Amino acid sequence: MNWFFFFLLLSHHLHLVFAFFWDLFSFFLSFLAIDLSFAQTTVENFYFPVHRPSGLDWQQIKTEHFRIIFPKTEDSLAFRSATILENQYLKAVELSGGRLNNFPVIISNYNDLSNGFVTPNNFRSEFDAAPFKGKSINPRSGDWLEAVLPHELLHATHGSLVVPYSIPWLYGIFSPDFARSFNFFPQVGVHEGLAVLHESENVADNGGR
């Protein structure tokens, strides 16, 4: 008889525990659905089309970790970019913890912005072929290309870091791009400071901006 009451009591407690976790899971799914709905509305504003001039004859170079996509006339710049990125890759991984595989890097030469960026939406990096040459940013760190590529590489490895079983990891089941965007939510000084630290310590001594 004692065993009967013991199992009866145990089954009652197990039922309560199961009900608690089921309610918790249901709440999480409801919260996730609302949040993803908001995220979809937000992300739609950032998945913008990029209009590129026709007739550029786009080419591609594949390395161990990158896909360099470039207009045919910029082949020497593309090969040099691939070399810089692969040389800096392990240092960026060591600092940020993130890793890249077949990561798209797009070179454009049809404007004079002289800029570079990484976006978690359609996860990629783009930079403009600079119209100016020489050591225009810092004489210690080489030319513009040697400054901007390692900087954006650090952003890319940092953005790719998703800790298993974390909240971004759960989001990543539904939207890997949105999961990566969590790494860009902190104040800009955090991730920009990390990239400039990489420039200063890993590219050239006192070479950062």
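The values are calculated or read from the model by the stated rules, or taken from the named source; none is laboratory data. Computed from a prediction, not measured in an experiment: that's the story for all the values here. Using ideal geometry, Cβ is built from the backbone for each residue, glycine included, and neighbour counts are taken over all protein chains shown.
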Legend entry - Filter result (touching a Gly at 6+ places or on another chain (Cβ under 8 Å) and aliphatic (A, V, I, L, M)) within the range 153-202: Ala156, Leu161, Val162, Ala179, Val196, Leu197
Inset, instruction - Take the residues in the range 142-161 that are in contact (Cβ under 8 Å) with a residue 40 or more places away in the chain and not in a helix (DSSP H, G or I), then tell me which one is surrounded by the fewest Cβ atoms within 10 Å (Cβ to Cβ). - result: Leu161
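Okay, residues lined up against (1) modelled with pLDDT of 85 or more; (2) within 23 Å of Arg99 (Cβ to Cβ); (3) of a type in the set (Val, Ile, Thr); (4) assigned to a strand (DSSP E or B):
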site: Ser125; (1), (2), (3), (4): yes, yes, no, yes
site: Ala130; (1), (2), (3), (4): no, no, no, no
site: Gly134; (1), (2), (3), (4): no, no, no, no
site: Ser181; (1), (2), (3), (4): no, yes, no, no
Inset, instruction - Could you look through the range 94-110, keep only residues that are surrounded by 19 or more Cβ atoms within 10 Å (Cβ to Cβ) and within 14 Å of the chain's Cα centre (by Cα), and pick out the one that is modelled with the lowest pLDDT? - result: Ser96
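Can you tell me which residues in the range 59-90 are of a type in the set (D, E, K, R) and closer than 22 Å to Gly159 by Cβ?
Lys62, Glu64, Arg67, Glu86
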